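Let me begin by presenting the structure, written as structure tokens, before commenting on it.
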Amino acid sequence: MASPRISATVNSLLPDLPFDGLSAPDLAQLLRGATSAFVAFTLVIARIGGLMVIGPVFGHPGIPRQIRVFLVLAMSIVVTPALLGSDQRRTFDLLDRNRDGILTLEEIPGSLGPQFEELIRRADKRSDEGLTADEFHLAPPLPGTLIEYAWLALVEFGLGLALGLGVMTIVSGLQMAGSLIDAQIGVSLGSVINPEFESDASLSGELLHQLGLVVFLMVGGHHLIVSALLDTFQALPVGFAWVAPSAIDLLSGLVHQSLVLAVQIAAPVIGMMAVVGVAMGYLGHTIPQLNVLVVGFPVRTLVGLVVMGLAVPGIADVLASVLPEAIQQLKSMFMGY
């Protein structure tokens, strides 16, 4: 009995919607736009997720996985509408290397090549001609197959992973410095678990690693690295991520820089241990009754800890300059300037 009355009430409240006015092409275009926005959202998740997997602080196992997933989703929800609703003038200016107002095929990354050629064709220009800012309109890619979509997501994930890996390479050099120090002061047999690398670490290495994370937070490294990742969406729009060969060269250079940093940090202790070794040898030669092995072990440990403690402020200053510089290098490489 109540069903006809409810139906009449609903019909009186809701006006007739003009579904018949939507033709098949309009519905297809609407569906294509919704699908493109969803694909863009998932690709943004992939790029940001790559950073959250291995980036300093963000990828630490001490942070619950649910928190990291929530952070990735929250950032993606905020970033995706801004990317889809913004103009591409900023992207054009970043890609226009010579600042002549004309964007040529030689100036763009390889991932933009096919769509750039399509824009050239639509503008009725030759392939050797460029595009102006008004003619440069990139549409988010819509993969035709699941394999194409998986490849796009993999490249997006790789870009974020490369950014986090580059910074993490510098921080990991601190563990190597700690291993060198412990080998000199005689406590290398003692080790602790480093949850971030899921491996054993020396005592000094874990101490310096935690110091590096503290300095990273104090200099605003977490803000810098997230800002650098978001800036890559300007030079490499969502769906057009590209890990150039120069990125591999830069990561190799950061490994070398990490090794140099490890030697620089351990150098004061190594140098002082050499002096202590010479002094112990001299005492053992002048005082044969002295057991150099028994006396030398606690002396080396005490002197090494004192020297390392005195060197901590200098280590923090070096990290405060090296970490932001490494983030800026990675950002410049991905953005192409």
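Structure notes:
- Residue match in the range 234-241 (condition: of a type outside the set (D, E, K, R) and assigned to a helix (DSSP H, G or I)): yes
- Restricting the range 281-301 to residues that are modelled with pLDDT under 80 and among the aliphatic types (A, V, I, L, M), the residue that is farthest from residue 182 (Cα to Cα): 287
- Of the criteria (1) among the hydrophobic types (A, V, I, L, M, F, W, C); (2) modelled with pLDDT of 80 or more; (3) touching a strand residue (DSSP E or B) at 6+ places or on another chain (Cβ under 7 Å), which one residue 136 fails: (2)
- Selection count, the range 34-86, where residues are assigned to a helix (DSSP H, G or I), without any contact (Cβ under 8 Å) to a residue 40 or more places away in the chain and small (Gly, Ala, Ser): 5
Each row is one residue, and each column tells you yes or no for (1) surrounded by 12 or more Cβ atoms within 10 Å (Cβ to Cβ); (2) within 25 Å of the chain's Cα centre (by Cα); (3) of a type in the set (Gly, Ala, Ser).
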site	(1), (2), (3)
274	no, no, yes
295	yes, no, no
298	no, no, no
303	yes, no, no
306	yes, no, no
334	yes, yes, no
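- Note on the range 312-321: among residues that are touching a helix residue (DSSP H, G or I) at 6+ places or on another chain (Cβ under 6 Å) and surrounded by fewer than 20 Cβ atoms within 10 Å (Cβ to Cβ), the one that is farthest from residue 270 (Cα to Cα) is 320.
- Candidate set from the range 105-132 (those that are small (Gly, Ala, Ser) and at pLDDT 75 or above); member that is surrounded by the most Cβ atoms within 10 Å (Cβ to Cβ): 130
- Output for the range 87-105, where each listed residue is part of a loop (DSSP other than H, G, I, E, B), under 25 Å from the mean Cα position of the chain (by Cα) and of a type in the set (S, T, N, Q): 88
- Condition met for residue 124 (over 27 Å from the mean Cα position of the chain (by Cα) and of a type in the set (D, E, K, R)): yes
- Taking the conditions (1) modelled with pLDDT of 85 or more; (2) touching a His at 6+ places or on another chain (Cβ under 9 Å) in turn, residue 153 satisfies each one other than (2).
- Qualifying positions in the range 134-150 - exposed (fewer than 10 other Cβ atoms within 10 Å of the Cβ) and outside any loop (DSSP other than H, G, I, E, B): 134, 146, 147
- Pick from the range 229-249, criterion closer than 15 Å to residue 167 by Cβ and touching a Leu at 6+ places or on another chain (Cβ under 7 Å), ranking: surrounded by the most Cβ atoms within 10 Å (Cβ to Cβ): 229
- In the range 210-248, residue modelled with the highest pLDDT [restricted to those that are of a type in the set (Phe, Trp, Tyr) and within 26 Å of residue 137 (Cβ to Cβ)]: 233
- Considered as a group, the residues in the range 242-267 that are part of a loop (DSSP other than H, G, I, E, B) and not β-branched (Val, Ile, Thr) include one that is farthest from residue 185 (Cα to Cα), and that residue is 242.
- Test: residue in the range 279-296 that is among the hydroxyl-bearing types (Ser, Thr, Tyr), in a helix (DSSP H, G or I) and more than 30 Å from residue 333 (Cβ to Cβ): yes
The values are calculated or read from the model by the stated rules, or taken from the named source; none is laboratory data. Note that the coordinates shown come from a computational prediction; the quantities given were computed from them, not determined experimentally. Virtual Cβ from ideal backbone geometry, glycine too; neighbours counted across all protein chains shown.
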